[in-house]
Amino acid sequence: MTQRPHSYYTATLNQDTDYPTLQGQHQVDVVIIGGGFTGVATAVELTEKGLKVAIVESHKIGWGASGRNGGQVTSSLSGDEAMRKQMHKSLGTEVNNFIWRLRWRGQEIIQARVAKYGIDCDLKHGHLHAAMKPAHLDELRSFHDEAQRRGLGDSVTLLDRAGVRAHLASDQYLGALKNTRNLHLHPLNLCIGEARAAESLGVLIFEHSQVLEIVHGDRPAVVTAQGRLNARQVMLAGDVYHKLEPKQLKGKIFPAMGGIVTTAPLGELARQLNPQDLAVYDCRFVLDYYRMTADGRLLFGGGANYSGRDSRDIAGELRPCIERTFPQLKGVDIEFQWSCAMGIVVNRIPQLGKLSDNVWYCQGYSGHGIATSHIMGEIMAEAITGSLGHFDTFAACKHIKVPMGDLFGNPMLAAGMWYYQMLEKLR
């Protein structure tokens, strides 16, 4: 059976999962394919609404990007400008308010769930969105002004270079937006904690159970090698990790490999580098992101490999970025390195839709998965139980479908990223 990839998160798990393989037949209201944040969050929402739910996962709960990411829960939305253009048709002038509320909904859901179910996931507040050139500062100032207009002045503060230096022992930033509503956490412990909450509510969870077929029709079902889950509705929440339903889904989402490293414990130096224990990412299109772990390590990620293949030396690629950010860490020991596949959508708008009358799908968060997956879990649970308003808003968005799937899609993404990196240099 597939075990968890080696990472800082797997090494610091509160408790690993050991759910059974699906065997025999079971009957539920809703089957969810995929045991990452989207599947688990939707299961909690549906079960709280009184439905009988099952989750079926090919590997282990939180095995994919949900358990391997940077651990930042922020108000940044992937594809917000594309959303604004497309959703204006259905929402009109309300579109700006809709998008603004989305920016904060993920934090609200996660904080409430952690408190309700007592999930231990190193949850902390505080984040810096950092500017590396004047054009970045203009973007941050625009966001800050909107936050002020909307009454969030106590949560969002614009810092100049000296202000950033008071928060970080780094000289590479011209300024930053400090956001105390944003969160950072141990994502794998959160995902598994939510799965345990779902299980306590009656959700059936099956691991090491790859779905071979989704049966459509009046009586939908999910079929694995050793079992079958019959249901009234099915939701596909496997993001970029599955190859199911290729006729409708192939060519809509593509893998980008993100690399992350974690240093050895830094002791007192951790507090000197980041005295307020803030998560950080910069304003570049291809950005660096980092934070301190609960045991005082620097967890640092950056770049993205759009070939869809893993890097051979993540530590070698990221060490120069770490030492450029914090020269004090030159030669620091790197104890963990790993990668994760992020589901990238060409226009960056999350993809919600239906494959048939009672088979749904939800995918594609383009590097903003922790917050967005929880927002989408809420929207999908509403839709499955009959409240289609928010679902229809996303489902109406048009997406590019690339012929021949990954074969053309990944080179196209790589070319697009090169283009945006060139634009970045000219800003």
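The values are calculated or read from the model by the stated rules, or taken from the named source; none is laboratory data. Bear in mind the structure is a predicted one, so any value in this text is a computation, not a measurement. Counting neighbours? That spans all protein chains shown, and the Cβs are built from the backbone with ideal geometry, glycine included. Protein only, heavy atoms only, side chains kept; ligands, DNA and RNA dropped before computing areas. Shrake-Rupley method; radii C 1.70, N 1.55, O 1.52, S 1.80 Å.
Quick check on ALA176: is it at pLDDT 95 or above and either open to solvent by less than 10 Å² (accessible area, probe 1.4 Å) or of a type in the set (S, T, N, Q) (or both)?
yes
Taking strands (runs of 3 or more DSSP E) that do not extend beyond region 238-301, which have at least 1 residues that are acidic (Asp, Glu)?
279-282, 288-292
Out of everything in region 107-161 that is part of a helix (DSSP H, G or I), under 27 Å from THR325 (Cα atoms) and basic (Lys, Arg), what residue ends up being most open to solvent (accessible area, probe 1.4 Å)?
Only one residue fits best here, namely ARG161.
Could you list, ordered by first residue, the pairs with Cβ atoms under 6 Å in which the first is in region 210-236 and among the basic types (Lys, Arg) and the second is assigned to a strand (DSSP E or B), at least 6 apart or interchain?
ARG228/GLN25; ARG228/ALA221
Of the residues SER200, SER155, which single one is more than 19 Å from the chain's Cα centre (by Cα), among the hydroxyl-bearing types (Ser, Thr, Tyr) and in the same structural domain as GLN15 (by the TED database)?
Going through SER200, SER155 in turn, just one is more than 19 Å from the chain's Cα centre (by Cα), among the hydroxyl-bearing types (Ser, Thr, Tyr) and in the same structural domain as GLN15 (by the TED database): SER200.
Quick check on region 383-402. Is at least one of its residues out of contact with any Asp or Glu (no Cβ under 7 Å at 6 or more places or on another chain), modelled with pLDDT under 90 and surrounded by fewer than 18 Cβ atoms within 10 Å (Cβ to Cβ)?
yes
Restricting attention to region 320-334, report how many residues are open to solvent by 70 Å² or more (accessible area, probe 1.4 Å) and part of a loop (DSSP other than H, G, I, E, B).
Going through region 320-334 one residue at a time, the tally reaches 2.
Failed condition for ARG324, given (1) at pLDDT below 95; (2) out of contact with any helix residue (DSSP H, G or I) (no Cβ under 8 Å at 6 or more places or on another chain), with all others met?
ARG324 satisfies every listed condition except (1).
I need a count of the residues in region 232-244 that are open to solvent by less than 10 Å² (accessible area, probe 1.4 Å) and over 16 Å from GLY64 (Cα atoms).
Residues flagged as open to solvent by less than 10 Å² (accessible area, probe 1.4 Å) and over 16 Å from GLY64 (Cα atoms) within region 232-244 amount to 2.
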